[in-house]
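The values are calculated or read from the model by the stated rules, or taken from the named source; none is laboratory data. Bear in mind the structure is a predicted one, so any value in this text is a computation, not a measurement. Glycine gets a Cβ as well: all are built from the backbone with ideal geometry, and neighbour counts include every protein chain shown. Quick note on the areas: whole protein, heavy atoms, side chains included, nothing else; ligands and nucleic acids left out. Shrake-Rupley method; radii C 1.70, N 1.55, O 1.52, S 1.80 Å.
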Amino acid sequence: PPPREAVGLPGGGPVVSSHNAPFKWSPPYLGAVVRLLTDFPTAVLWLPPSPPGTRARILRELGKRGLPGAGLRVVFAEAAFEGASHVSIKSLADIALDTHWFNGHSTAADTISGGIPLVTAPGRGAYARVAASLLLS
């Protein structure tokens, strides 16, 4: 993979990725992300490419939940995935967070195959247990 700086990530400090689509995020999930980033003040949250309106809403929601300077702690992926394996690029993260009510499917598989530790919490429906199943297989 390229150096972290080449894709807009800081060279030092933990990189926490959450490359699931934003529609899968819930208020409790956002609260957990804020607590994690608050507990690790040098960590950044690496999110998938998103349109400007979505970016603004995400930053606003993180700020409302108590993340000061959310715009400085969140890195949105840009064209970083072009021309290189997205699995290779995603391996720049130190840890990945999965969503709860609707787990990552191919995103979780890519994360695991890239060797990135994945934190997930299985839910009730089959769609909420995919990542846990992948980790156990």
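Tell me the residue from 39, 94 that is acidic (Asp, Glu) and touching a strand residue (DSSP E or B) at 6+ places or on another chain (Cβ under 6 Å), please. It would help to see each step written out before you state the result.
Details: 39 fails: touching a strand residue (DSSP E or B) at 6+ places or on another chain (Cβ under 6 Å).
94 is the lone residue from the list that is acidic (Asp, Glu) and touching a strand residue (DSSP E or B) at 6+ places or on another chain (Cβ under 6 Å).
Tell me yes or no: at least one residue of region 100-109 is farther than 24 Å from residue 126 by Cβ and either free of Cβ contacts under 8 Å to residues at least 24 places away in the same chain or open to solvent by 40 Å² or more (accessible area, probe 1.4 Å) (or both).
Our first condition is that a residue be farther than 24 Å from residue 126 by Cβ; within region 100-109, this holds for none.
Looking for residues that are farther than 24 Å from residue 126 by Cβ and either free of Cβ contacts under 8 Å to residues at least 24 places away in the same chain or open to solvent by 40 Å² or more (accessible area, probe 1.4 Å) (or both), one finds none in region 100-109, hence no.
Just to be sure, is residue 87 within 17 Å of residue 17 (Cα to Cα), open to solvent by less than 60 Å² (accessible area, probe 1.4 Å) and either in contact (Cβ under 8 Å) with a residue 24 or more places away in the chain or within 16 Å of the chain's Cα centre (by Cα) (or both)?
On the way: within 17 Å of residue 17 (Cα to Cα): yes; open to solvent by less than 60 Å² (accessible area, probe 1.4 Å): yes; either in contact (Cβ under 8 Å) with a residue 24 or more places away in the chain or within 16 Å of the chain's Cα centre (by Cα) (or both): yes.
Here the answer is yes, as residue 87 does meet what is asked.
Any residue at all in region 104-111 that is over 12 Å from the mean Cα position of the chain (by Cα), within 20 Å of residue 11 (Cα to Cα) and not in a helix (DSSP H, G or I)? So that I can check it myself, show each step before the final result.
Of the residues in region 104-111, the ones over 12 Å from the mean Cα position of the chain (by Cα) are 105-106, 109-110.
Next, from what is left, pick out any that are within 20 Å of residue 11 (Cα to Cα): none.
No, there is no match, as no residue in region 104-111 is over 12 Å from the mean Cα position of the chain (by Cα), within 20 Å of residue 11 (Cα to Cα) and not in a helix (DSSP H, G or I).
Counting only residues that are modelled with pLDDT of 85 or more and touching a Ser or Thr at 6+ places or on another chain (Cβ under 7 Å), which one in region 115-131 is surrounded by the most Cβ atoms within 10 Å (Cβ to Cβ)?
The qualifying residue surrounded by the most Cβ atoms within 10 Å (Cβ to Cβ) is 118.
Could you tell me whether region 74-84 includes any residue that is in contact with a helix residue (DSSP H, G or I) (Cβ under 6 Å, 6 or more places away or on another chain), acidic (Asp, Glu) and open to solvent by 40 Å² or more (accessible area, probe 1.4 Å)?
Checked against the condition, which is being in contact with a helix residue (DSSP H, G or I) (Cβ under 6 Å, 6 or more places away or on another chain), acidic (Asp, Glu) and open to solvent by 40 Å² or more (accessible area, probe 1.4 Å), region 74-84 yields no hits at all.
Quick one: residue 92 ticks every box in (1) surrounded by fewer than 16 Cβ atoms within 10 Å (Cβ to Cβ); (2) within 22 Å of residue 4 (Cα to Cα) except a single one, so which number is it?
(1)
A quick yes/no check of all residues on (1) in a helix (DSSP H, G or I); (2) modelled with pLDDT under 95:
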site: 10; (1), (2): no, yes
site: 33; (1), (2): yes, yes
site: 45; (1), (2): no, no
site: 58; (1), (2): yes, yes
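Pull up region 12-24, narrow it to residues that are outside any helix (DSSP H, G or I) and either open to solvent by 40 Å² or more (accessible area, probe 1.4 Å) or touching a His at 6+ places or on another chain (Cβ under 6 Å) (or both), then point me to the one that is farthest from residue 107 (Cα to Cα).
We begin by selecting, within region 12-24, every residue outside any helix (DSSP H, G or I); these are 12-21.
Remaining after also requiring either open to solvent by 40 Å² or more (accessible area, probe 1.4 Å) or touching a His at 6+ places or on another chain (Cβ under 6 Å) (or both): 12, 14.
Working: 12: 24, 14: 20 Å.
Per the stated criteria, the residue is 12.
Here are some conditions: (1) touching a residue at least 60 places away in the same chain (Cβ under 8 Å); (2) closer than 15 Å to residue 71 by Cβ. Residue 52 meets all but one. Which one does it not meet?
(1)
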